[in-house]
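Novice: Got a structure for you, written out below as structure tokens; questions coming shortly.
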Amino acid sequence: MALYGVIKLRHLSRIFTTKQFLSTSKIHVMKERLMSEKQFPNTSSNDDLKLHDDHLVMSYQNTMSSLDSTTLKFHYFWLRDHCRCSGCYNHPTHQRNLDIFNIPFSIQPKVCKIVGDDLEIEWKDGHFSKYSIPWLSMQTFDSYSNRVSAPTRILWKGIPESVAHVPAKSFLETEEGLAQLMKSLTSLGVGLVEGVEATVEATAKVISRVAPPQKTLFGDVWEMKPSEYHEDTAYGSQALKAHTDNTYFSEASGLQVFHVLDHKGTGGKTLLVDGFRAAQTVKDEDINSFQVLTETCIQGEYLERGQHHCLTAPVLNLHPITGKFRQIRYNLYDRSPMNTVPFSKVMEWYHAMGLLTKAVCDPSGEWWIQLRPDQVLFVDNWRVLHGRSAFSGVRWVAGGYISRTDFLSRARVSRALPLDD
């Protein structure tokens, strides 16, 4: 009996100790959870809204989608920075009034609740903010990256399918005609307006329908003819290999426009190559060479009397968030002496550039077109390379540039591009 009593007591002691440990552990876990959530009394009456020390978490079901609810997280400081009340935000100008850095980083809500499709916050300093939850759902990093990662470009070889051939009347007089060209430019990098009068004035009118011509050292609406001359290879009659323009400008022009007004002679076909398709070829075949072209900086340069332009940058420029192609700076004519590349990297760059040149010069990727006097050709100068065959006789070409920012602005307004791409 004595021995049984000792064993029983030991057993009971073990049970008590185990239960005590489990109870203590559970209390400790609950305490850690509460400490991490830092919920504030009487600040939220919504089950789908949780308040933490420096941020909130809420569940949102988009009524326009059949998908499960989305979890949204926002820092209080970010929310205060994005208050859209008339005191903090100037709605007519779409600019901020609030100097956010006069607000403490530790700002917290006094009351926070969801009312219908709105998030309402009364801050501890007495300020009141109201946010549309659908609007908030569009402002997260995931939402942004998903939108700009969506495929908008079609890589092509030879003659691209579905390239726009927009009648001049539709282009000049309707938003649909303008949007048709913009969608072709954002997806393929090229588009044509047809039925245009063969005059410089008509060229200028077509260019201005998209945006004001970008004034450069070549003028705003320029002409290539015997009486006009710049110390540039394009002003001769020899063949030009595929290239992009303005690799020496701080920001290369966004669009280039060509209008062959007259040609009494032979040759002079226009060459077009999808530079992003060529870059993708290098990426698929040799990722190390692709990285060299995105990282190694070389200088483009243009010199003539009274002008000296130069820019040092990589051949390939990628979107900083998505990694999508943003720009190709390919011009073998305008390279300055290669003194921007360390000795150990020189041949590595030449090898990578050789692979890109091979892809650019692939005959199956070339589109040759004999432009008619009624056709105005628009080319995305950040994507599509252009060139020409040699010609004889007198060739009169008008054209111009449109800045990158003006091109993208027009594309967004025409709903041909994600608003934040």
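The values are calculated or read from the model by the stated rules, or taken from the named source; none is laboratory data. Just so it is clear, the model here is predicted, and its values are computed rather than measured. Ideal geometry is used to build each Cβ from the backbone, glycine not excepted, and the neighbour counts take in all protein chains shown. The area values use the complete protein model at the heavy-atom level, side chains included, leaving out ligands, DNA and RNA. Shrake-Rupley method; radii C 1.70, N 1.55, O 1.52, S 1.80 Å.
Novice: Give the residues of segment 390-408 that are at pLDDT 95 or above and either in a loop (DSSP other than H, G, I, E, B) or open to solvent by 50 Å² or more (accessible area, probe 1.4 Å) (or both), sorted by residue number.
Specialist: Ser403, Thr405, Asp406
Novice: Conditions first: (1) exposed (fewer than 13 other Cβ atoms within 10 Å of the Cβ); (2) within 28 Å of Thr405 (Cβ to Cβ). Thr266 passes all but one, so which condition is the exception?
Specialist: (2)
Novice: While we're looking at this one, here's another question. State the number of residues belonging to segment 96-121 that are under 32 Å from the mean Cα position of the chain (by Cα) and within 17 Å of Asp54 (Cα to Cα).
Specialist: Going through segment 96-121 one residue at a time, the tally reaches 5.
Novice: Within segment 337-373, which residues are small (Gly, Ala, Ser) and under 29 Å from Thr270 (Cα atoms)?
Specialist: Within segment 337-373, Ala352, Gly354, Ala359, Ser364, Gly365 qualify.
Novice: Shifting gears a bit: Considering only residues that are open to solvent by 50 Å² or more (accessible area, probe 1.4 Å) and in a loop (DSSP other than H, G, I, E, B), which ones fall in segment 333-361?
Specialist: Result: Tyr333, Pro337, Asn339, Thr340, Pro342, Cys361.
Novice: For Tyr330, state whether it is at pLDDT 95 or above, within 25 Å of Leu303 (Cβ to Cβ), open to solvent by less than 40 Å² (accessible area, probe 1.4 Å) and part of a loop (DSSP other than H, G, I, E, B).
Specialist: Yes: the conditions hold for Tyr330.
Novice: Take segment 113-132 and flag every residue that is over 12 Å from Cys83 (Cβ atoms) and crowded, with 17+ Cβ neighbours inside 10 Å.
Specialist: Across segment 113-132, the qualifying residue is only Ile114.
Novice: Which of the residues spanning segment 170-224 are in contact with a Ser or Thr (Cβ under 8 Å, 6 or more places away or on another chain), under 30 Å from Gly365 (Cβ atoms) and open to solvent by 40 Å² or more (accessible area, probe 1.4 Å)?
Specialist: Selection gives Gln180, Lys183, Gln214.
Novice: Please go through segment 139-174 and give me each residue that is modelled with pLDDT of 95 or more and closer than 14 Å to Tyr60 by Cα, ordered by number.
Specialist: Correct list: empty.
Novice: Could you give me the residue pairs with C-beta distances under 8 Å whose first residue belongs to segment 150-170 and is in a loop (DSSP other than H, G, I, E, B), whose second residue is open to solvent by 100 Å² or more (accessible area, probe 1.4 Å) and not small (Gly, Ala, Ser) wherever it lies, and which are 6+ apart or on separate chains?
Specialist: Every condition considered, the pairs that remain are Ala164/Lys183.
Novice: Moving to a separate point now. Which condition number does Pro373 fail, the rest of (1) within 17 Å of Val206 (Cβ to Cβ); (2) out of contact with any Phe, Trp or Tyr (no Cβ under 8 Å at 6 or more places or on another chain); (3) open to solvent by less than 30 Å² (accessible area, probe 1.4 Å) being met?
Specialist: Status for Pro373: all satisfied but (3).
Novice: If we scan segment 241-250, do we find a residue that is under 21 Å from the mean Cα position of the chain (by Cα) and more than 29 Å from Thr199 (Cβ to Cβ)?
Specialist: yes
Novice: Give segment 233-263 a look and list any residue that's part of a loop (DSSP other than H, G, I, E, B), open to solvent by 30 Å² or more (accessible area, probe 1.4 Å) and of a type in the set (Ser, Thr, Tyr), or say none.
Specialist: Ser237, Ser250
Novice: Please go through segment 127-138 and pick out each residue that is modelled with pLDDT of 95 or more and part of a loop (DSSP other than H, G, I, E, B).
Specialist: Listed by number, the list holds a single entry, His127.
Novice: Give the number of residues within segment 159-169 that are of a type outside the set (Ser, Thr, Tyr) and loosely packed, with under 15 Cβ neighbours inside 10 Å.
Specialist: Residues flagged as of a type outside the set (Ser, Thr, Tyr) and loosely packed, with under 15 Cβ neighbours inside 10 Å within segment 159-169 amount to 4.
Novice: Sort out which residues of segment 286-327 are open to solvent by less than 60 Å² (accessible area, probe 1.4 Å), in a strand (DSSP E or B) and under 23 Å from Arg147 (Cα atoms), and write them in order of number.
Specialist: Leu316, Asn317, Leu318, Phe325, Gln327, listed by residue number.
Novice: Which ones in segment 133-154 are out of contact with any helix residue (DSSP H, G or I) (no Cβ under 9 Å at 6 or more places or on another chain) and open to solvent by less than 70 Å² (accessible area, probe 1.4 Å)?
Specialist: Within segment 133-154, Ile133, Pro134, Thr140, Tyr144, Ser145, Arg147, Val148, Ser149, Ala150 qualify.
Novice: Under 8 Å between Cβ atoms, which residue pairs at least 6 apart in sequence (or on different chains) link something in segment 398-420 that is within 19 Å of Lys205 (Cα to Cα) with a partner that is among the basic types (Lys, Arg) and surrounded by 19 or more Cβ atoms within 10 Å (Cβ to Cβ)?
Specialist: These pairs meet every condition: Ser414/Lys183.
Novice: Another one. Go through segment 188-211 and report how many residues are closer than 24 Å to Thr244 by Cα, among the hydroxyl-bearing types (Ser, Thr, Tyr) and in contact (Cβ under 8 Å) with a residue 60 or more places away in the chain.
Specialist: Count: 1.
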